[in-house]
1. So B:I74 passes all but one of these: (1) within 16 Å of ligand 1 (Cβ to nearest atom); (2) surrounded by 19 or more Cβ atoms within 10 Å (Cβ to Cβ); (3) within 14 Å of another protein chain (Cβ to nearest Cβ). Which condition number does it fail?
2. Which of (1) at the interface with chain A (Cβ under 8 Å from one of its Cβ atoms); (2) in a helix (DSSP H, G or I) is the odd one out, the single condition B:G126 does not satisfy?
3. Anything in region B:106-123 that is in a helix (DSSP H, G or I), at the interface with chain A (Cβ under 10 Å from one of its Cβ atoms) and out of contact with any helix residue (DSSP H, G or I) (no Cβ under 6 Å at 6 or more places or on another chain)? List them, or say none.
4. What number goes with the only condition from (1) modelled with pLDDT of 90 or more; (2) within 16 Å of ligand 1 (Cβ to nearest atom); (3) surrounded by 18 or more Cβ atoms within 10 Å (Cβ to Cβ) that B:L60 does not pass?
5. Which of the residues that make up region B:28-48 are within 16 Å of ligand 1 (Cβ to nearest atom) and either touching a Cys at 6+ places or on another chain (Cβ under 8 Å) or at pLDDT below 90 (or both)?
6. Is there a residue in region B:189-207 that is within 16 Å of ligand 2 (Cβ to nearest atom), in contact (Cβ under 8 Å) with a residue 40 or more places away in the chain and touching a His at 6+ places or on another chain (Cβ under 8 Å)?
7. Out of the residues in region B:8-24 that are within 25 Å of the chain's Cα centre (by Cα) and of a type in the set (G, A, S), which is most open to solvent (accessible area, probe 1.4 Å)?
Amino acid sequence: MSLNPFARKASLPIVDQYGAPGRGNSTFISLVTIVVILGGWWLITHLELIRPLFLPSPEMVISKFNKIACTSHYTEVFLVFIGALDEVSAPCHGFSEHALHEHILWSLYRVFTSFFLAAITAIPIGVAMGMSRFTRGVFDPPIEFYRPIPPLAYLPLTIIWFGIGESGKIFLIYLACFAPIAINARAGVRSVSIEQIHAAYSMGASRGQVIRQVVIKAALPEILTGMRVAIAFGWTTLVAAEMVAAKAGIGVMVLNAARFLATDIVFLGIVVIGAVAFVFDLAMRRLEKSLVPWKGKV
Amino acid sequence: MATVISLSRVSMEFPALEGAGTVKALDNIDFDFRSGEFVVALGASGCGKTTLLNVIAGFLTPTSGEILNHGHPITGPGRDRGVVFQKHALLPWLNVVENTEFGLMLQGIPASERRRRAQENLSLVGLSDFQRYPIYQLSGGMQQRVGLARALTCDPDMLLMDEPLGALDAFTRENMQELILRVWKATDKVVFFITHSVEEALFMATRLVVMSPRPGRITHEYSLDFCHRFLEIGDARKIKSSTEFIRMREEILSIIHGEEVDEIADTTAAGGAP
Ligand SMILES: Nc1ncnc2c1ncn2[C@@H]1O[C@H](COP(=O)(O)OP(=O)(O)OP(=O)(O)O)[C@@H](O)[C@H]1O
Ligand SMILES: [Mg+2]
């Protein structure tokens with residue numbers, strides 16, 4: 001006879017609980033909202049209710065996109081490559097001497113370098129702040145001091161310190177990403193239960209093992225939340241960072257376009273930043289789902 | 001029988017809430033755990049049962065007194081004393097079998113070896129079919145059994161269990177009592193088990209200690225063999241409904257109840273005094 005007096009299956013179907021706040025799927029409603037906004041935009045511009053200088057039509061933005069992204073140029077390049085065309089004749093001017101993808105890549109490079117540097121420094125510091133009184137005492141004042149200051153306010157300082165090269169821009173975005181990651185990592189450490197720590201010690205864990213195998217894992221959901229917030233802050237700070245003597249970047253594109261009152265390009269830039277940020281937020285959420293499937297379930 | 005853990009004049013004081021004085025959670029406890037014993041502590045809430053367990057586990061250092069583990073003073077938690085918690089305390093990022101082998105992983109035991117030993121203990125608690133399940137998809141009773149298997153896999157000399165069945169329904173609870181007794185028999189460990197249920201205490205203990213609060217003391221001690229009888233005949237209900245069992249149950253209930261009556265009388269007297 002087996003020792004098992006139980007024979008129950010433990011699979012839980014995912015059903016909305018009665019009275020659970022905000023239950024139900026909202027995707028369809030969101031799609032309707034998007035359609036209404038785009039439709040309204042199209043209608044207002046086509047009825048010429050607002051001058052294009054203030055609100056360009058969707059078509060104008062799309063044609064600007066094709067021009068700056070050099071769509072026909074690259075289509076021809078592709079056709080030449082597969083041998084369907086003899087030579088590329090369409091020019092590629094881009095905007096501010098760079099095609100759209102170059103702007104995007106420069107901005108991605110800045111945001112992700114800063115984000116990466118912030119993650120590898122803020123995670124250990126945040127965890128250490130949660131684990132040790134001393135580290136918390138040291139890092140709490142500087143982080144809490146600079147955190148609420150808008151990046152634009154210390155932008156001049158980064159120019160004085162780092163000059164107008166890449167390092168100043170990266171430092172600025174780095175600061176924006178650092179605080180949310182560190183603060184969330186620190187809070188995450190608190191979410192480990194004392195029983196989990198006690199259990200590990202009574203199975204012979206060393207302090208290092210408790211930190212690596214229990215505390216950091218337990219903090220992971222909140223660390224990932226911090227990273228999500230940080231990357232959003234990174235995009236927010238990008239335009240400020242690119243205000244200073246950058247040659248390429250989506251922020252540069254928007255700022256230069258504003259100088260020439262090229263509203264359609266400003267729109268394009270905004271849409272591109274929004275789209276890129278959205279894609280990365282989506283990726284972070286996917287990552288969260290696969291890395292911390294237990295989140296909110298225990 | 002060899003002494004495994006020995007407490008002599010162990011006291012534990014906590015600072016009282018109002019700042020004035022201290023709470024004596026344990027007051028001069030003398031107690032020996034001998035090999036093969038199943039010791040159950042019973043007592044009203046707040047009488048120091050968890051404190052006693054924490055002191056033995058090494059999570060708390062007593063204010064005075066000495067605890068020896070095979071003759072050596074206890075300075076902290078260790079692999080020789082496995083703990084099963086009231087709320088499971090499993091690690092949700094690991095599945096059932098990974099949780100079970102966690103202790104061996106910490107020791108750096110090769111993967112195949114630790115998997116084998118974890119599987120042995122999972123089958124001992126009847127969870128062989130759930131090895132790959134995430135923890136949060138198990139019922140409360142199953143989680144508690146993973147906690148037990150995890151503690152067993154480290155092969156401690158002693159198992160410390162703080163109300164491990166407190167959160168379970170009556171039916172699951174009785175099944176778990178029987179399971180724990182069978183595991184105890186099969187693995188031959190010293191068990192220290194805390195419960196609020198008189199029936200559970202009587203059924204499982206070879207030695208039952210009744211504690212009283214403020215200051216936390218052991219007031220009564222019984223040697224019992226209902227568990228041995230159960231392991232022989234395998235019919236728990238028959239034992240729990242025997243006249244002897246019921247007589248013991250009423251006796252212990254009246255002790256605990258009597259203390260409470262005394263205490264209420266004390267408080268009213270104190271409150272009524274001018
Ligand atoms: N960390 C602590 N700090 C201060 N006082 C404590 C602490 N832990 C326990 N106490 C006090 O010690 C006494 C005994 O507590 P303990 O948790 O050991 O009781 P218990 O017998 O386990 O109760 P229960 O059955 O409710 O779990 C209580 O009066 C409690 O208030
Ligand atoms: Mg307790």
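The values are calculated or read from the model by the stated rules, or taken from the named source; none is laboratory data. These numbers come from a predicted model, not from an experiment. Heads up, the Cβs are rebuilt from the backbone with ideal geometry, glycines too, and the neighbour counts pull from every protein chain shown. All accessible areas refer to the heavy atoms of the entire protein, side chains included, with ligands and DNA or RNA removed. Shrake-Rupley method; radii C 1.70, N 1.55, O 1.52, S 1.80 Å.
1. Every condition holds for B:I74 apart from (1).
2. The single condition B:G126 does not satisfy is (2).
3. Matches in region B:106-123: B:S123 only.
4. Status for B:L60: all satisfied but (3).
5. B:N28, B:I29, B:G43, B:A44, B:S45, B:G46, B:C47, B:G48
6. No, the conditions are met nowhere in region B:189-207.
7. Within region B:8-24, the match that is most open to solvent (accessible area, probe 1.4 Å) is B:S8.
Yes or no, residue by residue, for (1) hydrophobic (A, V, I, L, M, F, W, C); (2) over 15 Å from the mean Cα position of the chain (by Cα); (3) within 14 Å of chain B (Cβ to nearest Cβ); (4) open to solvent by less than 20 Å² (accessible area, probe 1.4 Å):
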site: A:C177; (1), (2), (3), (4): yes, no, no, yes
site: A:P180; (1), (2), (3), (4): no, no, no, yes
site: A:R186; (1), (2), (3), (4): no, yes, no, no
site: A:V189; (1), (2), (3), (4): yes, yes, no, yes
site: A:S193; (1), (2), (3), (4): no, yes, yes, no
site: A:A200; (1), (2), (3), (4): yes, yes, yes, yes
site: A:G226; (1), (2), (3), (4): no, no, no, yes
site: A:A230; (1), (2), (3), (4): yes, no, no, yes
